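Peer 1: I'd like to ask you about the structure that follows.
The values are calculated or read from the model by the stated rules, or taken from the named source; none is laboratory data. Keep in mind it's a predicted model, so treat the numbers as computed, not measured. Glycine gets a Cβ as well: all are built from the backbone with ideal geometry, and neighbour counts include every protein chain shown.
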Amino acid sequence: MENFSPITALIGGAMIGLASAILWIFNGRIAGISGIFGQLLPPARTIIWRLVFLVSMIGATYITYLILPNLGGENGAKPELVDSSILWVAISGLLIGLGTKISNGCTSGHGVCGLARFSLRSLIAVIVFFITAIVTVSVSGITL
Amino acid sequence: MNESVKASYLIVAVISGALFGSGLYVSQMVDPLKVLKFLDFGAIPSGNWDPSLAFVIVAAILVMFIGVKITKKNNEPILDDEFHLPDSKKIDHSLIVGSVIFGLGWGMSGICPGPAISLIAFMPENLIIFLLAMFAGSFLGSYVLKLMTPIEISNNGEKFTL
């Protein structure tokens with residue numbers, strides 16, 4: 001467990017939870033990222049806040065990296081795709097977009113917001129996608 | 001005026017988005033390898049498994065749970081007329097099939113939608129292909145969903161499902 005980082009995991013997780021709580025308490029919206037970008041396409045009527053949220057999210061990721069460049073590794077190493085071959089990346093992206101649209105949620109929407117609301121639907125989604133992802137990693141051997 | 005374009009509403013979106021993006025970086029969930037090391041349960045016997053993601057999600061759920069508790073007494077959010085919850089409450093085929101498809105894609109790359117967007121900050125090689133595919137998948141999904149959703153016909157108050 002050489003890479004285990006419980007403190008930053010808890011702090012970062014609490015920040016994600018706080019972000020979700022603020023969006024819920026003030027705007028009555030679920031901070032599910034697949035839902036936020038999935039409804040950017042027409043005929044969506046509430047595009048502006050979604051774009052504002054996503055742009056702010058990208059900017060904050062970068063600013064936090066500038067402040068704490070060595071969190072992810074030595075010498076400010078930036079995260080990379082693990083297997084960046086075009087076909088693999090394209091299939092993975094397609095499945096993620098398709099699956100989250102059909103099941104109406106992802107790790108944030110079902111995983112954080114849904115479980116915090118005790119949604120049975122979300123609990124089932126989380127169990128199914130975690131098990132599938134764990135099996136996929138073990139079959140593909142991508143971490144080797 | 002539409003609630004969702006008011007300045008206060010957008011300021012909340014900025015603050016929430018910023019906390020979310022910063023949290024993804026601090027927790028290192030923006031790093032696909034870190035996520036894959038959690039999903040790699042095969043590494044448990046050798047002691048190389050990284051349980052960090054479980055800590056991230058549990059912390060996030062606990063804080064969000066308090067947020068949900070706070071709003072239990074109110075019938076509406078502070079800046080809008082209603083809470084926007086998904087229409088469907090059913091455990092149906094689309095929930096299970098969609099979750100399996102998402103799990104497959106997530107296990108292939110270690111990237112779920114939040115980190116996918118946050119990674120734009122670093123623009124790693126071929127992320128643009130991933131994002132275009134993800135948007136295409138989401139677009140395609142809305143049509144697949146229509147095909148999968150049973151059509152309900154109401155006849156004299158009795159509901160039939162096709």
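Peer 1: Where residues in segment A:88-127 are touching a Ser or Thr at 6+ places or on another chain (Cβ under 7 Å) and part of a loop (DSSP other than H, G, I, E, B), which of them is farthest from B:Ala59 (Cα to Cα)?
Peer 2: The selected residue is A:Asn104.
Peer 1: From A:Ile33, A:Ile16, A:Ile47, A:Ile22, which residue is β-branched (Val, Ile, Thr) and over 14 Å from A:Ser108 (Cβ atoms)?
Peer 2: Checking each option against the conditions leaves just A:Ile47.
Peer 1: Check segment A:61-74 and report whether any residue there is of a type in the set (D, E, K, R) and part of a loop (DSSP other than H, G, I, E, B).
Peer 2: No, because not a single residue in segment A:61-74 is of a type in the set (D, E, K, R) and part of a loop (DSSP other than H, G, I, E, B).
Peer 1: What number of residues within segment B:68-99 are hydrophobic (A, V, I, L, M, F, W, C), outside any loop (DSSP other than H, G, I, E, B) and surrounded by 13 or more Cβ atoms within 10 Å (Cβ to Cβ)? Write out each step before concluding.
Peer 2: Our first condition is that a residue be hydrophobic (A, V, I, L, M, F, W, C); within segment B:68-99, this holds for B:68, B:70, B:78-79, B:83, B:85, B:91, B:95-97.
Now narrow it down to the ones that are outside any loop (DSSP other than H, G, I, E, B): B:68, B:70, B:95-97.
Retained after the next criterion (residues that are surrounded by 13 or more Cβ atoms within 10 Å (Cβ to Cβ)): B:68, B:95-97.
Residues meeting the conditions: 4.
Peer 1: Step by step: first the residues of segment A:22-38, then only those that are without any contact (Cβ under 8 Å) to a residue 60 or more places away in the chain and of a type in the set (Phe, Trp, Tyr), then the one that is farthest from the other protein chains (Cβ to nearest Cβ). Which residue is that? Break it down into steps so the answer makes sense when it comes.
Peer 2: Looking only at segment A:22-38, we keep the residues that are without any contact (Cβ under 8 Å) to a residue 60 or more places away in the chain, and these are A:22-23, A:25-29, A:36-37.
Of the ones still in play, those that are also of a type in the set (Phe, Trp, Tyr) are A:26, A:37.
Working: A:Phe26: 4, A:Phe37: 7 Å.
Ranking the qualifying residues of segment A:22-38, first place goes to A:Phe37.
Peer 1: Just to be sure, is B:Ser22 modelled with pLDDT under 95, under 25 Å from A:Gly28 (Cα atoms) and assigned to a helix (DSSP H, G or I)?
Peer 2: Numbers: modelled with pLDDT under 95: no; under 25 Å from A:Gly28 (Cα atoms): yes; assigned to a helix (DSSP H, G or I): yes.
No: the conditions fail for B:Ser22.
Peer 1: With the condition kept exactly as written, say whether any residue in segment A:22-29 is charged (D, E, K, R) and either part of a helix (DSSP H, G or I) or surrounded by fewer than 20 Cβ atoms within 10 Å (Cβ to Cβ) (or both).
Peer 2: no
Peer 1: Give me the residue from segment A:22-40 that is touching a Cys at 6+ places or on another chain (Cβ under 8 Å) and aliphatic (A, V, I, L, M) and, out of that set, nearest to B:Met134 (Cα to Cα).
Peer 2: A:Ile33
Peer 1: Could you please let me know if B:Ile120 is modelled with pLDDT of 90 or more, touching a helix residue (DSSP H, G or I) at 6+ places or on another chain (Cβ under 9 Å) and assigned to a loop (DSSP other than H, G, I, E, B)?
Peer 2: It is false that B:Ile120 is modelled with pLDDT of 90 or more, touching a helix residue (DSSP H, G or I) at 6+ places or on another chain (Cβ under 9 Å) and assigned to a loop (DSSP other than H, G, I, E, B).
Peer 1: Give me the pairs: first residue in segment B:50-76 and free of Cβ contacts under 8 Å to residues at least 40 places away in the same chain and of a type in the set (Asp, Glu), second residue assigned to a helix (DSSP H, G or I) and buried (at least 21 other Cβ atoms within 10 Å of the Cβ), beta-carbon distance under 7 Å, and six or more apart or on different chains, which are they?
Peer 2: Listed pairs, sorted by first residue: B:Asp50/B:Lys34; B:Asp50/B:Lys37; B:Asp50/B:Phe38.
Peer 1: Can you say whether B:Met108 is touching an Asp or Glu at 6+ places or on another chain (Cβ under 9 Å) and either in contact (Cβ under 8 Å) with a residue 40 or more places away in the chain or surrounded by 15 or more Cβ atoms within 10 Å (Cβ to Cβ) (or both), as far as the supplied structure shows?
Peer 2: It is true that B:Met108 is touching an Asp or Glu at 6+ places or on another chain (Cβ under 9 Å) and either in contact (Cβ under 8 Å) with a residue 40 or more places away in the chain or surrounded by 15 or more Cβ atoms within 10 Å (Cβ to Cβ) (or both).
Peer 1: Of all residues in segment A:1-21, which are more than 7 Å from chain B (Cβ to nearest Cβ) and touching a residue at least 24 places away in the same chain (Cβ under 8 Å)?
Peer 2: Matches in segment A:1-21: none.
Peer 1: While we're here: Quick check, is A:Arg45 under 18 Å from B:Phe83 (Cβ atoms) and surrounded by fewer than 21 Cβ atoms within 10 Å (Cβ to Cβ)?
Peer 2: Judged against the criteria, A:Arg45 is a match.
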